[in-house]
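Peer 1: Starting off with a structure, shown below.
The values are calculated or read from the model by the stated rules, or taken from the named source; none is laboratory data. None of the values given here were measured: they were computed from a predicted structure. Here Cβ is always computed from backbone atoms with ideal geometry, including for glycine, and neighbour counts include all displayed protein chains. Quick note on the areas: whole protein, heavy atoms, side chains included, nothing else; ligands and nucleic acids left out. Shrake-Rupley method; radii C 1.70, N 1.55, O 1.52, S 1.80 Å.
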Amino acid sequence: MSNVKLARISSLDEDHKVIYDNYLVIHDNASKIIDILFEANWIDQVMLPSHGDFTDDNDRDFYLWRKSITVSINSIITKVSNIFNEEGLLIPPDYNELNYIKLWVPEILVYSKCYFDNMNNNFSKCETRINDFYKILEDAKLIKSKEYRQIDIVGDSITYGMGASTPSKDYVSVLEKEIGIPIKNDGVSSATIQNGSNNDQISFINHVKKTDFSKSDIVIVFGGTNDFAQSLPVGKSTDATDKSLIGALKTVINQIKKSNPNALVLIIPPMWRARINDSSKFVDINTVPNSAGVLFKEYFNAVVKIAKDYKIPYLDLFNNSEINQKNYKDYLADGLHPNDKGHRWLANKVHNFILNNVETPNNLK
């Protein structure tokens, strides 16, 4: 079963990021399907147009990039549709009428409700189309479904479930019900990634050294917020010490891979927060440093750099979070830990993150 999932646009703040990420997911999966058909000798080698890169966060440039990648995406999707039509494998009744999925709209409609509805409707169609393609390939025995057994999430108090009204409403429990396989919750309140805190026994680096990950096909490392709050050192890129964020995270990743070389490791850097330590004193986390004089973003950037160095996918819940200074009270119980609504939001984000980075098709929901 394939579970490619595309995000939906719900606010202007996330418009560019959602569209960019979705287009890359669509393009890369459509290209993967072409590769599978080539390897199965259904088609000759096909030179696919590149999706290109987008670097300038400018509305006009972004609009032009969207038009460009849309040509590439529709070229691939139409090619695959025609192949399956020739083989008589397309069952859904709308395929003959829907050879072109419109992924951009006139500029005059941008940022209107019509724009959001139009884009989300198109994302829904693309999501269905890609998943149907994978189902056809699976039925034709061109690909096998990957069976994932268990997910392990190494984390802190957010993963443990702080802020949720009941254990069943924390993000790990919600995610477990939605994704369809067991999740081992290795979240510990106050845990830091590195040693040097008030309690090194619960640090990520010491936890992973005594944990068996052999049964966990997916391991998520979600932390760094307590390293910031406790003013522990970020470190340098060359660090190998267990007493810096960078050095410790390297060891954490290496230890997980040593325990299970085949595990898919995913990283979630620290998510946006509205305070440092005092739960009654809310601050602008972008401008107010910890007691060591280091801003939150430095810890976030350090985790992201390690993820990139190790070529590990990461989920950005800081720069691209829907939680911000204006609405954090709706999502965070105390400026840091999610409330029930926040845990549901987090479960959805992590769910999509997992599905967009696992092998397809698979047994996940």
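Peer 1: Mind checking the angle between helix 113-139 and the chain's longest principal axis? C-alpha axes, 0 to 90 degrees, to the nearest 10.
Peer 2: Once rounded, the angle reads 80 degrees.
Peer 1: Can you give me the % of accessible surface on the chain that is carbon or sulfur? Probe 1.4 Å, all protein chains present, nothing else counted.
Peer 2: Working: 8210 of 16760 Å².
Carbon and sulfur atoms account for 49 percent of the accessible area of the chain.
Peer 1: Related question: Using the Cα centre of the chain as the reference point, and only Cβ charges (+1 on K/R, -1 on D/E), how large is the resulting charge dipole? Debye, rounded to the nearest 20.
Peer 2: Numbers: 41 positive and 46 negative charges, 141 e Å.
Here the chain has a charge dipole of around 680 debye.
Peer 1: Next question, about the same structure. With the crude spin-label approximation of a point 7 Å out along Cα→Cβ, what separation in nm comes out for Asn286 versus Lys17?
Peer 2: Calculated label separation equals 1.2 nm.
Peer 1: Follow-up. If you roll a 1.4 Å probe over the heavy atoms of the protein chains, what accessible area per residue do you get for the range 232-365, in Å²?
Peer 2: With all protein chains present, the range 232-365 gives 44 Å² per residue.
Peer 1: Further, regarding this structure: Under 5 Å between amide hydrogens, which residues at least 5 positions from Ile220 or on another chain qualify, with H placed 1.01 Å from N in the peptide plane?
Peer 2: Amide H neighbours of Ile220: Asp152, Ile153, Val154, Leu266.
Peer 1: State the extension gain, in nm to one decimal, for the chain segment bounded by Ser124 and Gln325, taking 0.36 nm per residue of separation less the distance between their alpha-carbons.
Peer 2: 69.3 nm
Peer 1: Just going by the charge dipole of the chain, with Lys and Arg at +1 and Asp and Glu at -1 on Cβ, which of Asn199, Ile354, Ser291 is farthest out on the positive end?
Peer 2: Of Asn199, Ile354, Ser291, it is Asn199.
Peer 1: Using only the Cα atoms of the range 292-365, build the gyration tensor, take square roots of its eigenvalues as a ≥ b ≥ c, and label the shape rounded, prolate or oblate: rounded if a/c is under 1.5, else prolate if a/b is larger than b/c, else oblate.
Peer 2: oblate
Peer 1: Collect residues whose amide H, placed 1.01 Å from N in the peptide plane, falls under 5 Å from the amide H of Ser190; neighbours closer than 5 in sequence don't count.
Peer 2: So Ser190 has HN proximity to Ser157.
Peer 1: While we're on this one: In the range 185-218, what trypsin sites (Lys or Arg not before Pro) fall in a loop by DSSP, with at most 16 other Cβ atoms inside 10 Å?
Peer 2: Qualifying residues, ordered by number: Lys210, Lys215.
Peer 1: Still on this structure, I have one more. Name the shape class, rounded, prolate or oblate, that the alpha-carbon gyration tensor gives for the range 214-365, where a ≥ b ≥ c are the square roots of its eigenvalues, rounded holds for a/c under 1.5, and otherwise prolate holds if a/b is larger than b/c and oblate otherwise. Present the calculation step by step, with values, prior to reporting the outcome.
Peer 2: Details: a/c = 2.36, a/b = 1.21, b/c = 1.95.
The shape class here is oblate.
Peer 1: Divide by every residue of the chain the summed helix terms, -39500 (n - 2.57) for each DSSP H run of at least 4, and state the resulting mean residue ellipticity at 222 nm, rounded to the nearest 500 deg cm²/dmol.
Peer 2: -13500 deg cm²/dmol
Peer 1: Starting from the Cα-Cα distance between Ser259 and Ser75, subtract it from 0.36 nm times their residue separation and give me the gain in nm to one decimal.
Peer 2: Stretched out fully, the Ser259 to Ser75 stretch lengthens by 62.0 nm.
Peer 1: Let me ask something else. What lysines could a cross-link reach from Lys257, if we take a straight Cα to Cα line under 24 Å and drop same-chain neighbours fewer than 8 places away?
Peer 2: Within the straight-line limit of under 24 Å, Lys257 reaches these lysines: Lys146, Lys184, Lys209, Lys210, Lys215, Lys236, Lys243, Lys305, Lys308, Lys311.
Peer 1: Can you list residues whose amide H is under 5 Å from Lys146's amide H, if they're 5+ apart or on another chain and H is modeled 1.01 Å from N?
Peer 2: Amide H neighbours of Lys146, under 5 Å, 5+ apart: Asn362, Asn363.
Peer 1: Output wanted: per-residue J couplings in Hz (rounded whole) for the range 300-309, from phi through Karplus 6.51 cos²θ - 1.76 cosθ + 1.60, θ = phi - 60°, x for Gly and Pro.
Peer 2: 4, 4, 5, 5, 4, 4, 5, 4, 5, 4
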